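First the structure, in the form of structure tokens, and then the observations on it.
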């Protein structure tokens, strides 16, 4: 089973979150002022989602909105690497 | 070498009947390297990257099999980076969320050729720089690579041997454009051509350097396994063929892809 979610963790919790559910997660960088956050968004396996919920590592979890709408709601600015 | 005659890009007017009975597998009948991904064929997809979990509409796709016979299956090991299988009427597509979705192959050995044709049916929801398909981690950083992408309000095909990337743009295709796109390259000729909805939109004979395409990963829907240039849009099908293609092959494949994409040529 899967749960579609957007999960935001503070920079200080990124390593712990990766250690918990996998190194491939939390690679989307975002900033709010000077604060740095890392985001995963998409289909989480239920055990991955539950682990994040129960860990208390998340700054924010959303299961309803689109990725871009979560960023807007939380006033997070995605860090875009300027590439062509 | 191109060796396909002067009429390569003079494709006759397409007819819907041209798609009937055409099987893209014939594009690989002579052993051409490449890949063919078909989201409308549910038997080729799985939710998990290890090939488990039957595909379900509105659920993730972590594995899509290559129907070309070359075994270049595309996978995504990290669950949140998997695109979503969607259905709209009779059409099926992979929905990429613009966050980090990507499917990628193992390295495909294209070192035996300097020719390439890519066919796809795609929709762009955003109006930004987004990868549909890219051979290698970055076309700008690696020799023997290509990229088919959205760049603002154009579809862009970029290709290179050991020279600078040569880009050709098809305009104007802004946000919410749905298109059948064909991209063709021959490094040694040299030529780079982009066609949209059965019409040639741009071509260039600028040198791409020399050499063949490389032994690189094929990324579908983002750059470098989802790291950047993430697609917010749909992919209805994709064929990557390590050869240039005849006018008949192009027209038949474009007609086929149009039926999969819901586009009228």
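General remarks:
- Value at 222 nm in deg cm²/dmol, rounded to 500, when DSSP H runs of n ≥ 4 in chain A each add -39,500 (n - 2.57): -8000 deg cm²/dmol
- Working value for chain B: equivalent-ellipsoid semi-axes of 25, 20, 18 Å, each the square root of 5 times a Cα gyration tensor eigenvalue, largest first.
- The fewest-to-most ranking of B:240, B:154, B:168, B:263 by surrounding Cβ atoms within 10 Å reads B:263, B:154, B:168, B:240.
- Fluctuation leader among B:204, B:43, B:30 - chain B, Gaussian network, Cα springs under 10 angstrom: B:30
- In terms of Cα atoms, the Rg and Dmax of the protein assembly as shown work out to 20.0, 65 Å.
- Between B:90, B:177, B:40, the Gaussian network model of chain B with springs among Cα atoms under 10 angstrom shows the greatest mean-square fluctuation at B:90.
- Between residue B:111 and residue B:56, the distance separating the two model label sites (each 7 Å from Cα on the Cα→Cβ line) works out to 4.4 nm.
- Model label sites at residue A:69 and residue B:206, defined 7 Å from Cα along the beta-carbon direction, differ in position by 4.1 nm.
- Ranking of B:199, B:139 by neighbouring Cβ atoms within 10 Å, starting from the fewest: B:199, B:139.
- Calculated mean residue ellipticity at 222 nm for chain B: -2000 deg cm²/dmol, from DSSP H runs with n ≥ 4 weighted as -39500 (n - 2.57), summed, divided by the residue count and rounded to 500.
- Taking other C-beta atoms within 10 angstrom as a stand-in for reagent exposure, A:62, B:109 fall in the order B:109, A:62, fewest first.
Taken together, the values in this text are just the output of simple stated rules run on the coordinates, not laboratory data. Because the structure is predicted, anything quoted here is derived from the model rather than measured. In this analysis, Cβ positions are derived from the backbone assuming ideal geometry, glycine residues included, and neighbour counts consider all displayed protein chains.
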